[in-house]
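Okay, structure first, notes after.
Read-outs throughout are calculated quantities, based only on the coordinates presented, and are distinct from any laboratory measurement. Given the structure is predicted, the values throughout are model-derived calculations rather than measurements. Positions of Cβ are generated from backbone atoms using ideal geometry, with glycine treated the same way; all protein chains shown enter the neighbour counts.
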Amino acid sequence: MIASHLMNDTKPSRANANANAKAKAKAAKAGKPAQAAAAAALNQREAPATPPSAPSKDLQVFPNPQPGRDYVVRFDVPEFTCHCPLTGQPDFAHFWIEIVPDALCVELKSLKMYFWAYRNEGAFHERVTNTILDDIVKAIQPRFARIHADWFVRGGIRTYVTVEHRKKGWKPEPKVELPAAAASGSAGSGWTSL
């Protein structure tokens with residue numbers, strides 16, 4: 001009874017079927033595949049020709065939308081996994097990545113698939129952290145990149161590895177120190193208390 005109820009809920013409604021049929025016909029006239037037309041009719045993102053359903057160390061990039069400005073892109077990767085090369089036991093880490101891009105930025109989905117590629121690899125903490133930085137630098141040649149890896153406790157020891165890259169000749173802008181917020185209720189301070 002439950003299975004038949006679920007099956008009934010998955011059947012497309014008559015309105016959806018009509019919309020899909022119209023979209024397919026329109027797509028056929030325009031030379032588009034029927035799948036793309038169906039996705040457009042439902043206001044869904046079109047599925048890629050080959051979905052990235054497997055790990056990959058291919059870091060995709062896109063042009064930096066603001067190459068004239070230094071800004072920081074931060075990635076937080078709390079579920080990194082690889083294996084100890086000596087024991088085969090799983091290692092877990094939390095990665096923080098900070099990048100000041102130059103001409104290119106790393107695409108987020110490819111970064112996710114890149115990190116996934118380490119799941120079945122045996123590697124020392126220091127090598128993995130440095131290799132990830134090297135691969136990011138090779139892909140986007142940033143002005144600055146820092147990776148901090150917090151390797152979870154194994155054998156009673158927690159390991160932290162921090163690696164950096166600085167493009168030759170690049171210097172960050174001086175840090176801006178803002179005045180402290182005035183006490184709440186001060187007239188004309190321009191600050192509000194939270």
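With θ set to phi - 60° and the Karplus curve 6.51 cos²θ - 1.76 cosθ + 1.60, what are the ³J(HN,Hα) couplings of segment 162-172 in order, to the nearest whole Hz, using x for Gly and Pro?
10, 10, 9, 9, 10, 4, 4, x, 7, 10, x
Amide H of V61: which non-local residues (sequence gap of 5 or more, or other chain) have their own amide H closer than 5 Å, using H built in the peptide plane?
E107
Give me the base-10 log of I(q)/I(0) for segment 61-166 at each q in 0.13 Å⁻¹, Debye formula, one uniform scatterer per Cα, rounded to two decimals.
-0.47
In which sequence would T50, T162 go, from the one with the fewest C-beta neighbours within 10 Å to the one with the most? Before the final figure, lay out the partial values.
On the way: T50 7, T162 12.
Final ranking by Cβ density, sparse to dense: T50, T162.
Using amide H atoms built 1.01 Å from N in the peptide plane, name the residues 5+ places from R154, or on other chains, whose amide H lies under 5 Å from its own.
none
For an R0 of 35 angstrom, estimate the FRET efficiency from the Cβ-Cβ distance between E177 and A117 and round to the nearest 0.05.
So the FRET efficiency works out to roughly 0.25.
Taking other Cβ within 10 Å of each residue's Cβ, how do Y114, Y160 sort, fewest first? Numbers along the way, then the final one.
Details: Y114 22, Y160 11.
In order of increasing Cβ crowding within 10 Å: Y160, Y114.
Return E177, E107, E164 ranked ascending by Cβ neighbour count within 10 Å, so the fewest neighbours appear first.
Fewest-to-most Cβ neighbours within 10 Å comes out as E177, E164, E107.
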